[in-house]
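Asks: Before I ask anything, here is the structure I am working with.
Derivation of every value follows stated rules applied to the coordinates shown; laboratory data play no part. Predicted model only: the values in this text are computed from it and were never measured. Cβ coordinates were reconstructed from backbone atoms using ideal geometry, including for glycine residues, and neighbour counts include every protein chain displayed.
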Amino acid sequence: MPKLFDRVRLAREGAAVERAHQHPHLQRYSVGHHSLDVVTLVVLCWKHDHGGELPRAELLVAAAFHDVAERVTGDLPSPIKDRCRDALGEIEKEVDRYLGVDVGLREDEQWYLKSCDKLELYLWAHEEASRGNCRFLGWCRVYEQNWQYEPPPESVKRIVEAVDHAGHIPVLPGDPTDMIRLGLANMAAEQRSGVRTDG
């Protein structure tokens, strides 16, 4: 049985693997950064599509660890992944077993994980393009075309439509910290007055 420290080290080293390393990009893009963003998207999209219900812990674990095996394989380009899919799948299963995170997902959960994984890369590619790295616009178009054949969950469609409509990643007005302060101030005013301020 592997030692806890060995599991922690594998997970941390897996999180440090640089994604898309074969393509020049402007932002750092590690497996850890990507995985946290995928977990965030899974939570927010699942809640949106399921009446505020949180996803099961198994889905969150799968999202958090879904690319840790890249510590062993590296982040391979898609054409290589396509040719080695079976072997890579076995390596991923072995790493998951070693870490103790080989969870069973229902079919709908697998769909959300796959869709949010693609959405995260799509959003990152748009962010790269919005910073002037136009080579990633092609990636965005490929994902948009693929979603016509493999429709994603409704929440993912809405995010893609918002980005497509804006032509870039929409930026929230003002500093997010100011928005949180405003929200807290509105909540305090509601409690004092008993009247809702958000309509």
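Asks: Applying 1/(1 + (r/R0)^6) with R0 = 22 Å to the Cβ-Cβ distance of Leu26 and Ala166, what FRET efficiency is obtained, to the nearest 0.05?
Replies: 0.65
Asks: Report the net charge of residues surrounding Asp37, where surrounding means a beta-carbon distance below 13 angstrom and charges are Lys +1, Arg +1, Asp -1, Glu -1.
Replies: Local net charge: -1.
Asks: Can you list the HN-Hα couplings for segment 126-135, worked out from phi with the Karplus curve (6.51, -1.76, 1.60; θ = phi - 60°), rounded to whole Hz and with x for Gly and Pro?
Replies: 5, 5, 4, 5, 5, 8, x, 8, 5, 4
Asks: On to the next question. Please report the net charge: other residues with Cβ closer than 12 Å to the Cβ of Pro55, K and R +1, D and E -1.
Replies: Computed value for this residue: -2.
Asks: Between His48 and Glu150, how many nm apart are label points set 7 Å from Cα along the C-beta direction?
Replies: 1.9 nm
Asks: What list do you get for Asp67, Asp37, Asp82 if you sort them by fewest beta carbons within 10 Å?
Replies: Ordered by Cβ neighbours within 10 Å, fewest first: Asp82, Asp37, Asp67.
Asks: Here is a follow-up. Which value in nm describes the separation of the simple spin-label points at Glu18 and Asn133, placed 7 Å from the Cα toward the beta carbon?
Replies: With each label placed 7 Å out from Cα toward Cβ, I get 1.0 nm.
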